[in-house]
Amino acid sequence: MKLIVANWKMYLTLRESIALANKVTRYTLHVTRYTIVLCPSFVAMEEVAKVIKGTQIKLGAQDVEPEKRGAYTGEVGLDDLRELGVEYVLVGHSERRRMGETDKLVNQKLKAVLKSGMRPILCVGESWKIRRSGKARGYVADQLRAGLKSVTQKDLKRVVVAYEPIWAIGTGRPDTPKDASEMHMWIQKIIRDISIFANKNRDVPILYGGSVNAKNAGTFLRAPGVDGLLIGRASTQATEFAHIIRSA
Ligand code: 13P
């Protein structure tokens, strides 16, 4: 089943998040073709969890602190997420890497999420400079190998990967479905190289993210190798998101 993940980033207040969660819940009541995951802000998470309770919508987090409890001012921990019923956690989003998050920390987060029984969504993607220089594949492969370092074969099957070219995020300039598709095939190959077992049955879904909207969502979802979408801005607008859900 295709996975559609809504990353609300810091676009919405608590009240707006509750209102949107209510709307999404209503129009996805009969949607069975997709797994839908909402990633609200940490502040909105508990209320959104209440709204989606009993529906097939799942709760995701935008980030997590990998350490166990303790003196980590301002951070949000794994136990909190688990208590709220979070099933998916984004790790290594480019907006966090931009703030200094290293591959090493991304790898720590990914393993901590797996250990807690939740599924990490490992975000990878190159800058425009790298894409232009023809080095995108190597760059993404390095990010994958670093992010998945020392993950067990068994755990690897619970990982989700999101390919989000940085230059396509929030720019209104998405990748072409053809180029995205080729990168998804490449990512599949890297995962198969890492693990002989992991990806025989496409256990590791690969999502596309970057300026997905109601007009292009269907084309991306039908592109070979694309197992779902990671959507930012368009997922925060109720009607736009409804069209996306209906578009494929
Ligand atoms: P946009 O859909 O706003 O381009 O954001 C993509 C993204 O970063 C999702 O994580």
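For a straight C-alpha distance cut-off of 19 angstrom, the aspartates and glutamates reachable from Lys2 (same-chain residues fewer than eight places away being disregarded) are Glu87, Glu164, Glu182, Asp203, Asp227, Glu240.
The slack between Asn22 and Thr239, meaning 0.36 nm per residue of separation minus the straight C-alpha distance, is 76.9 nm.
Report the full-extension gain for the segment Lys215 to Met185: residue separation times 0.36 nm, less the Cα-Cα distance, to one decimal in nm. List each step's numbers first, then the result.
Details: separation 30, 0.36 × 30 = 10.80 nm, distance 2.34 nm.
Computed gain between Lys215 and Met185 is 8.5 nm.
Over segment 103-243, the hull volume per residue, using the convex hull of the C-alpha atoms, is 113 Å³. Highest mobility in the GNM of the chain, judged by mean-square fluctuation with C-alpha springs under 10 Å and restricted to Gly54, Gly92, Gly70, is found for Gly70. Modelled this way, with points 7 Å down the Cα-to-C-beta line, the labels at Lys2 and Arg222 are 1.0 nm from one another.
Pairs exceeding a 23 Å alpha-carbon distance, out of Lys50/Lys154; Lys58/Lys109; Lys157/Lys189; Lys58/Lys149; Lys149/Lys189; Lys9/Lys189: Lys50/Lys154; Lys58/Lys149; Lys9/Lys189.
The Cα-based radius of gyration and maximum Cα-Cα distance (Dmax) for the chain are 16.8, 48 Å.
FYI, it's all coordinate maths here, none of it is from the lab. Since the structure is predicted, the reported quantities are computational estimates derived from the model, not experimental observations. No Cβ is skipped: glycine too gets one built from the backbone with ideal geometry, and neighbour counts run over all protein chains shown.
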